[in-house]
Structures are given as structure tokens and as C-alpha cells.
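This report refers to the structure that appears directly beneath it.
Read-outs throughout are calculated quantities, based only on the coordinates presented, and are distinct from any laboratory measurement. Owing to the predicted nature of the structure, the values given are computational and were not obtained by experimental measurement. When we count neighbours, we look across all protein chains shown, and the Cβ atoms used for this are built from the backbone with ideal geometry, even at glycine.
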Amino acid sequence: MDSTPNVIAGVGLADRPRKSRWPARMDLAQSATGLVLGLFMWGHMFFVSSILLGKDAMWSITKMFEGYFFFGKAYPGAVSVIVGAIFAILIVHAFLAMRKFPANYTQYRTFIGHRKLMAHEDTTLWWVQAITGFLLFFIAAVHLYQMLMHPGDIGPYESADRVWSGRWWPLYLVALFAVELHGGIGLYRLCVKWGWLEGKDANASRKRLKTLKWVLTVFFIALGLATLAAYMKIGYDHRDRVGERYTPSWVVPNPMEKAK
Amino acid sequence: MKIVYTDVLVIGGGLAGLRLAIGAKRRGHDALILSLVPAKRSHSKAAQGGMQASLGNVAKGQGDTEDVHFEDTVRGSDWGADQEVVRMFVNTAPKAVRELAAWGVPWSRVRKGDREVIINGQKVTITERDEAHGLIAQRDFGGTKKWRTCYAADGTGHAMINTVADQAIADSIPVHERKEALSLIHDGSRCYGAVVRDLITGEVSAYVATATAICTGGAGRVYRTTTNAVICEGIGHAIALETGVSALGNMEAVQFHPTGIFPAGILVTEGCRGDGGLLKDVDGHRFMPDYEPEKKELASRDVVSRRMEEHIKKGKGHKSRFGEHIWLDITLLGEKHIHTNLREVWDICHYFLGVDPVKEMIPVRPAQHYTMGGVRTDPSGQSPTLKGLFSAGEAACWDMHGFNRLGGNSVAETVVAGMIVGETIADYCDKLANTPTVPLGLVREFVEREQAKLAAFTKGGGREDASLIKGEMQDLMTAKVGIFRTGKDLEEAVDKLQKLLVRSRSIGLRSPSLGANPELVTAYRVQRMLKIALSIAYGAAVRTESRGAHFREDFPRRNDAEWLKRTLATWKSESDTLPTLAYEPLDVTRMELPPGWRGYGAKDYIDHPDTPERQKAVEAIRAQYASDRFAMQKALMPYEHLLPEVLRGKNERIDERF
Amino acid sequence: MAETSNSHRKLRIHALRYNPAKADDTPRIQTYELEEAPGMTLFIALSEIREKQDPSLQFDFVCRAGICGSCGMMINGLPGLACRTVTKDLPADISLAPLPFFELIGDLSVNTGKWMRGMSEKLETWVHSMGQSTDLKRIEEAMDPALAEEVYELDRCIECGCCVASCGTARMRKDFVGAVGLNKMARFRLDPRDKRTDADFYELVGDDNGVFGCMSLLACHDVCPKNLPLQTQIAFLRRKMVLQGTKG
């Protein structure tokens, strides 16, 4: 086996004479994964909040993702595929974003001091992003693992039971704030980082983007709290019948399933 | 004892020093720059309006040549300049601008077609030629017949020093920042380098070199009200003076810029007036045409400053809580022009005055601006009396400005002198005979002498306060050695400055540390600054005539018969309290442009006895060579032999191709 | 001229004092009281303190006109040019500290020059003519007037260090070139006289010490005393460098 590349890279000369292209790829990948996750998060919030429109609405959305309306039969495995993809993107994103975190105590201490002295909004927001990102390593991982392994447990009762009787609500409460802050700030930062929506007057558009970002964050957190409350209420009312699945009254039970 | 060796030691990291070092380095000699501050922070950076070079690209510059630039400069100098040097300068200036263009200076460029400008308070449409499109633009400046001042908005010096300092970095020229030369090491006939103090650690060491160049800029801070940066304290001048051998020329020639913002004294560029701005009095009346019908606001700086002060004396100044001032009105130039071509001016007005110059007038009053005098050199930039010592830029008396410098000629001088002296200093270093045998004992003696002087401040038991003395000196200079001078005031100033000098010899420190210590710096500098102040005041007291910026109310006429000569000040002994003055006559019989009326300012002057005859001779030559300006010039006053070979040759223009 | 309404306030300047050359020195805040004067800038105030109260206080001023970039310091927590900061725009209690990140010389004085030189050497911040020589006797090469103005706009940087001191990335990672360096790359990239290509610029800033290190906190943009369009320029450079780094 030719060990030449290993020797050259091993002593730190991989960048000669030309610089590696990986930093560019990683920078792009971090933003791209962030963009996907950020947009997914907003969509996700709309889907789960369908519970506010009623159990039937939420059921319909769930079944739609499971392919029920296309195939006439639910395939919860479809959810697993989406969850798996998001999980993979999340891992890539987290891995890339980690590069930006304070790497040791000195850096940590320096940044904290810097943030406090400067009291500069976008700097503080980055810190919020870093902390929420760190939290999401765990929260999102737990949530996604659950969804990956039990894709069928999504539904008005199924989810509500998990939230209440399964005692997931504290996790979701923290997750709500972490995700909305992290994603909102992240999407705003993507715009200023790449110069999107800059227009003629970059300062004015940045101000507008910032306002928009806050409006959306507040909106989604409010929506999330209402949604979580709705599931908790349903879960509480349903606490004696945990495990019962929800079926809208208007759905004709599948004879095949009934036969089982 | 720590010694650093190099070929060329450049003291001062402004435009002149940087360009000189680049020249020497490119010729294969090691160059090292000492600078009080990072090079890009030098005062060259503050030059706003532009750099004169007769490119003649703009419509209003058409017909401009070295000849016109030469005449403007000599007239501006009130015939105090060395005309050969002026010739060297005007011929190199276009090359300098073009070199800087190639190096990356973002010169403002000509746009073809019609554009509206303000001339003499009126809107005028000018049509720029198609063939000039994209070439370097020129604006109008005081004392010039043609629009000649090349500019990068109003951050010309800034753009220039960014570029030149970066070239020095590209050429790996070390700049030893925060280092101050305390004295020149010499044996009375030859200079070996300098004793240098590190401003961070306080360490004193020796820098030994084949050639040493003083490029330290001006000495404006001997005055209270000045546009100069706080580092422009004339220390380069002083260490040359303190050798007792090299002389300072024409120190009494001090320029006051008409438009320092009032009261802070921060400069707003001559470009304000060049681009059409007007000076107005308390009644909103534009008064300059009353005094100077020909050039109005754009007479030379000495004349405009004097007229402003004269007008204030008549009670026409605007009275504010800080005193009286004149108004500079650029509102007529319009918002777009101010925001593109005068943006530093806008910044300065906004931050320091809370004034929006688009809508409001700017309070201004003349402030000390430029030191025409300096280390006397020959046309090659070398001291005629101390071998191995060179000087370039504002620190030098080369002498292309005489008794008044034209706006735009100083940044031009920095790079032009840097180019020329960079070559001549390389020529000097090329010669084996000039490589010194360094007397290390002498080096050590100089280092120890400076260390002892520093120690005396901390242990000498003196009680005088350095910053108090400095303040008294500055007040005295502004009050008594300003724009209008009289024998009585000047004698009083000389007398008081001498007393201050004596007092400065027993300065004591409140914070007696030899390391980084601002008080110690003030202490040793004020002793040197007083010698510069005395050279100015004493030179002014003795010169009983008015010439250029030196105006004596008791001797209001220019007197070529007695005073067509350069003042040379030397400081013979450490115990002296006055410089020794000598005079170097200017030879009328060799002048290309014999003395006459400047075209603005006072019309009466006393002729030199040689002038009429020379005038006749000049006219004859002009008639003989009327068809060939180059042959005519050569016949009038050959100078090209003085220029380094690489810098010789005609300059191409749109209207003059070769 | 704007009149001051509170021209005789008693100002309390709380300056950070520390001499790193002294082995036993500890950083501390020293308070100086002085009477505010009309039109007073921090340059005037600090000079007065040094002249009348404490000759040992270290700080840097050169042009005192906001054009040389010497006097960057933390003014009430934010980097700015002290010389053009007018005291009437500040509360009576003014906190002054040296710019972080740069080597501290003492008190309010930091060695920005040394860092800037290193940055310039690393990024080769000069026009690379790639061997093209210029005949100085000939008419200069024409340049589009609008382009010249754009280059000048980016050339207005005064290397005061405020952007670097305000940069969260630079504070954590010492090798980051900062907005000053990235802006310079954008300036030379724009300049047609510089013959370098994006491949060359990628070699200089195509890594996490360069443009990919930037986390877009934009404090640089917000504190820049010259209002340089740093946000736009860094975003532009990022796009170009990503394009360069991902093609082929």
C-alpha cells in the first residue's frame, strides 16, 4: 500500500502547494443543511399544529405523510425515511457547526466576556444559537430516534399520549424554544452571510430581515406553545386509555385491518 | 550595546520615507525604516485634496505642461525656491502619479462628456474629451493656472500611503514601528546612523548605516493651532540641527492653511475651494474677490490666509464663543459632489462640528499647516555639510517650495523626492568608498550620551514641568510668530523661547520611569522642539522683508536686493540658546524665471540688481527657441543632469505625444 | 455650530490601567474627573488628563481627525475612534479600555500596527502586476471611472482594528484575518490592475482563517468607523470563494 499521502498529510503538508477545497465545501454544506433543517422545522411546526384545527385535521396530515391518501393504505415506514434523512442532515449540520463552537475554556471565557462587554445584538444572537444548537444535539437526537423507531406512533391520541403519559412534554417544551430560536436566527444569518435579499441598501434590508425574524420566531413559539398545550390537554383527557389509536368517525375501517 | 546594521536607514515612515526605501531596496541595498507609528498612520495620510502633476487630462487642464507647473511653483514660492530642483520635481511628478496608478492608487478618473462644475460661484458645463475617458482626473487648486491636482476623492494621501506602504511590505522592507531617533551618530563630517529609543520598552540602541535619511515630515506642533498630526513635532529637524554641522534652511517659512476648521484646527481640503467653494464673512458676503480679483479664493495659501485674517481684523469675522472665524461655503457644490468627492470633509464636519456641509457653512480660520523649511540638502537630497545624511519630503529643504508651498505640491514632493533620492542614495551606497568604517567607540559614546540625558530627567532633580513648557511654547508661537509678524513680537518671542529653553534643561518627571512613559517623551522632545521654535522665530526676526508665507507688517515688501537668499540655521553648541544664522544667496543670473510679480498678492517689491539683466537674457532665449519648449528650457537652465537617469525623459500627454 | 446644552458637566472617565511590562501589575480601572468643555472630544479629554492629572496614562493619537486609525479603543464597551468621539454624545460616566485581541502595550495603547503588517504579509495586500512593467513616460492605462470609485470606497479602510476587536471569531481564533483582511481581498479582487484570479485569492482566504471562518456576526460592519460595506463585501467574497472551491 502506498503510504505517501498519509505521510504528507500526517505532517501537515496536505495543503501544499494548493489549498484544500474542503473548507469551501464544508462552508456550503453547513449553510445548505441549515437551510433544509430551518425550512423543515417551520413546515414541521405547521403540521403538528394542525391539532389546533381538530383531531381529524391532524390525523389527515399524518396519514397524508404515511401515503394513506395515495395508496389507500398507511405506510408509517415513509415517515421513517423522512426522519432518517433529517437525522442524517442534522448530524452533518451539527458536525460542521461544531467547528465554530468555542473549543476550549479560554475561547469560551473570551467569548462570554466579549459578548457581555459589547452587548451587540447579532453577537448575542450567535451565542443563543450556539447554546440552543448544543441543546439540540441531544433533544433532537432523542426525538428523532423515537420517530425513527416508532413512526406509526403519530396521531392525535398517539402523540398526545406520548406528550402527557409518556412525559415527553418537558423535552418538547425545551425543544420548542431551542428549535425556534436556533432556526430563526440561523435563517436570518444565512441571508446576511450569503447576501440574499440584500437589495440596494444592505443596512435597511438587514433591519427588515431582523424584524421579520423576530416576528416569525414569536409567531412560531406562540403557535408551538398552543400546540403543545393542545396535545397535553388531549393526553391528559386520554390518560386512562393510553395506547388507543385515533380514527376519525368518517373513516370506514379497513376491512383487511378489521379482519386482523 | 545593541547595534542594528543596514545600508540605508530611513527615519520616518511617511510617503517620502517609504518611497525612498523602496527605491534603495530595488537597487539592491538593504533599507530599514524607523517610524514613531505604524507607517500607514503617518501624517501623509492626512493629505486630502490631491497631488499636482501636469498630466493635462481634463478639459480645464489642457495645455498644461511641466513649464506651467514650474512657473506656478516658483511664483508660489515667491522666488524662494531652488529653480533647478523645481524643474526636477515638475518633470518627475507625472511619472510619480503614473507609477502610483500602476501600483494601485484608485485615482479619480475622467468621465467623457458634459459635466456641471462650479467656477467662480457659477454653474458651468465642461465637456470632457472622449480620448481622456478613464484617464486620471485633475481638479483646480490654489495658485495654479491649470487644473492639475490629481486626486482620489478627498482621501488622496490616504490612498497613496496605503499603496506605497503595501509596496514596501511587498518588497519586504522592515518598518521598525514605535521607534524614535534621539540623535544622529556622526563625527562632524560624516553621519553613521542614529541612536534610537524603543517607545514601548524604552530600550536605547544604535542603528548604523551607510546612508541615513531624515523623512520625518513637518514641525507643526511647535504651534498651538495646527492642522498637523500630534507626531509632527519636528524631531527629525532637531536631530539634524543638533549635529551642529547640518543646517536647517528657511525655518521661518511656515505655511498657514486657510481652512482649518474652527476651533479644532483640523484641515478641510483646498479641494473645497478648488471645486468651487467660497469664503464668506459675517454678513454672508464673498470677500475674496474684493482683495484678489484675479485668483479670488484660489490665490496661493499665504495670500488667502492673510486676506482672511485681514478681513477678521476689520471686524468682518463671525464671532463665536471661541473667537472669530470665517465661513467656508460648499453648499453650492451639491449633495452628490460632496458625498463622492469631499466625503472626508463631510465626515470631519459631521463628527467634529456637528455640521452638515451639504446644508450649512463650515467655520474656518487659518491654522499652521506646513513647514517649508527643513534639513538643507543639495538636489540629490544629501546634506552639503554632513556626508551620508540625506533628507526628503517635508522634513527637507530641498528646496522646491521656497517661502510658500502650493497646495498639492507637498504629497507630490513626498513621492517625487522619494523616487529621486531613492536613486541618489542607492548611487551613494553603490560606491565602495562611501561604505563607512564604523568607529564603534563613537557609536557607543553617542548611545551613552543619550542614555545619560534620559537618566537626567528621572534622577536630575529638576522641577520644571515638560507639558507646561510645551504649552507655553505653542501659545507663544501661535500668538507671536503667526501669519502677521512684527519685529517687536518676534523679539519678544525669541526672548521668551530662550528662557523656556533654559528652563527645559531642568525638567523633572512626576512619573520617573525609563520604559514606556509619555511624560518622558514630552520631556526630551520639548527640548528639541524649542530649538526648532527658536530657529523659526529667530530666522523670522532677522529677515526684515516679507516673502511668501513670511509676512512682516513692519517690512511688508519683498526685498530681493537684500533677502533673495536662503536662511541656514545651525546649532553650534549644546549650551547655546540661539541658532547661528548664515545665508546662502540665490543666483538670479541662473534663474529660468527671474523674480517678478506673482500674479496675486502684493505688487510692490524691491528688485534684485541682477534681475533686469537676467530678464532680458531670458527673453532673448525665449524668442530664439520659441518653437521648441524643450530646447528653450535647456538653454534657459539645464537641469536634467541632476536627475537620476531612470527618471529622465519627456512625459507623454494626450496633446503631446512622442 | 452645534451648541452644547450640558457643556459644564463633570465627566468621570474610567480608564483601564495595566502595564504588561511590569511583572506585578494588575489590571484595574482608574477614574479621572474633569470638567467638560464645549466641543470636547476624547482626544482633548485624555490629553488634558495626561497634562494635568496623570502623565503616565498611555494612549495613542496621531491625526486626531478620524483618518489615521491610531486611537481605536473600547468606548463604553464598543470599539470606536476616540479622537472623533465627542463627549457630549456620551453619558457623564465614560468607560475606556484598550481594544482587545491586539497586543497590549499599556493602558489604552495597543499594537495594531504589528498585527496589520502581519495580515498584509499573509494576504499579500498589494497589486500583483504579474510581471507587467509600466513605462512611466507614457500615458497611464485608462480605468472605468465608476470602478475607480468603487475601489476607492473599499480602499478607505484605516486599519484601526475596530472590526477585529469586535469580531467574535477573531477573539476566539487568533489566526482569523478579520473583516479588515477580507475587505482588502475584495478590494484587490475588484482592481483590474491586480492580475490575481479567484484561484489565487482562494489560496489566501479559502479556509477557516479566511472567509470561511467568518460567522457573520456583523459586529465589524456595525462598528466600522468608515462605514465600509463589510457585510456585502464578505458575503460577495464568500460566494466567489465557494464557487472557486467547489468547481471542478
The farthest towards the positive end of the charge dipole of the protein assembly as shown, of the residues C:CYS214, B:ALA493, A:PRO156, given +1 on Cβ of Lys and Arg and -1 on Cβ of Asp and Glu, is A:PRO156
log10 I(q)/I(0) for region B:502-658, Debye formula on C-alpha points only (no solvent), q = 0.12 Å⁻¹, two decimals, reads -0.81
Once both label points are put 7 Å beyond Cα along the C-beta direction, the A:ASP2-C:ASP198 separation in nm becomes 3.0 nm
Projecting the Cα atoms of C:HIS128, C:THR232, B:LEU636 onto the charge dipole of the protein assembly as shown, where Lys and Arg contribute +1 and Asp and Glu -1 at Cβ, the residue farthest towards the positive end is C:THR232
Cα-Cα pairs in the protein assembly as shown separated by more than 60 Å, as a whole percent of all pairs, come to 21 percent
For chain C, the dipole about the Cα centre with charges only on Cβ (Lys and Arg +1, Asp and Glu -1), to the nearest 20 debye, works out at 300 debye
Computed over the Cα atoms of region B:128-286, the Rg and Dmax in Å are 20.7, 61
Neighbour-count ranking for A:HIS143, B:HIS369, B:HIS311, B:HIS608 (other C-beta within 10 angstrom, fewest to most) reads A:HIS143, B:HIS311, B:HIS608, B:HIS369
Using alpha carbon positions and the Kirkwood radius, the Rg to Rh ratio of region B:222-363 is 1.03
Scoring only Lys, Arg, Asp and Glu (+1, +1, -1, -1) among other residues with Cβ under 9 Å from the Cβ of B:ILE330 yields -1
Quick calc, A:ARG21 & A:ALA88: beta-carbon distance into FRET formula, R0 25 Å, rounding 0.05, result 0.65
In whole angstrom, the spacing between the Cα centers of region B:372-442 and region B:232-279 equals 19 Å
Shielding of C:67-74 by other chains, given as the mean Cβ count within 10 Å, works out to 5
With R₀ set to 60 angstrom, the calculated FRET efficiency between the beta-carbons of A:ALA222 and B:ASP130, to the nearest 0.05, is 0.40
Filtering GluC sites (Glu not before Pro) in region B:559-658 by DSSP loop and by at most 13 other Cβ atoms within 10 Å leaves B:GLU574
Residues other than B:LYS112 with Cβ under 12 Å of its Cβ, Lys/Arg counted +1 and Asp/Glu -1, net out at -1
The local net charge around B:LYS496, scoring Lys/Arg +1 and Asp/Glu -1 for residues other than B:LYS496 whose Cβ lies under 11 Å from its Cβ, equals -3
Partner shielding of C:50-59, taken as the mean number of other chain Cβ atoms within 10 Å, equals 5
Ranked by GNM mean-square fluctuation in chain A (Cα springs under 10 Å), the top entry among A:HIS150, A:HIS93, A:HIS114 is A:HIS114
Once the mean of 1/r over all distinct C-alpha pairs in chain B is inverted, the Kirkwood radius in Å reads 24.9 Å
The ³J(HN,Hα) series, computed from each phi in region C:178-185 with the Karplus coefficients 6.51, -1.76 and 1.60 at θ = phi - 60°, rounded to the nearest Hz and given as x for glycine or proline, is x, 4, 4, x, 5, 4, 5, 4
Computed for region A:1-68: size of charge dipole around the Cα centre, +1 on C-beta of each Lys and Arg, -1 on C-beta of each Asp and Glu, debye to nearest 20, value 240 debye
Longest principal axis of chain A (C-alpha) makes with the long axis of helix A:55-65 (C-alpha) an angle, in degrees to the nearest 10, of 60 degrees
Kirkwood calc, region A:116-260, C-alpha pairs only, radius in angstrom 18.1 Å
In degrees, nearest 10, the alpha-carbon axis of helix C:145-155 is tilted away from the dominant principal axis of the alpha carbons of chain C by 50 degrees
Between B:ASP576 and B:TYR625, the two model label points (7 Å from Cα along the beta-carbon direction) sit apart by a distance in nm of 4.1 nm
Proxy exposure order for A:ARG189, B:ARG148, B:ARG503, A:ARG25 (fewest C-beta within 10 Å first) is A:ARG25, B:ARG503, A:ARG189, B:ARG148
Toy charge model, Lys and Arg Cβ at +1, Asp and Glu Cβ at -1: chain B dipole around Cα centroid in debye, rounded to 20, equals 820 debye
With Cα coordinates, the longest principal axis of chain C makes an angle with the long axis of helix C:230-246, in degrees rounded to 10, of 30 degrees
Result: in chain C the number of Lys pairs with C-alpha under 17 Å apart, spaced 8 or more or on different chains, is 11
Note to self, chain C gives a 222 nm [θ] from helices alone (DSSP H runs n ≥ 4, -39500 (n - 2.57) apiece, / all residues, nearest 500) of -10000 deg cm²/dmol
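When a footprinting reagent is the concern and you count Cβ atoms within 10 Å, what order do B:TYR428, C:TYR18 take, fewest first?
On the way: B:TYR428 23, C:TYR18 18.
Final ranking by Cβ density, sparse to dense: C:TYR18, B:TYR428.
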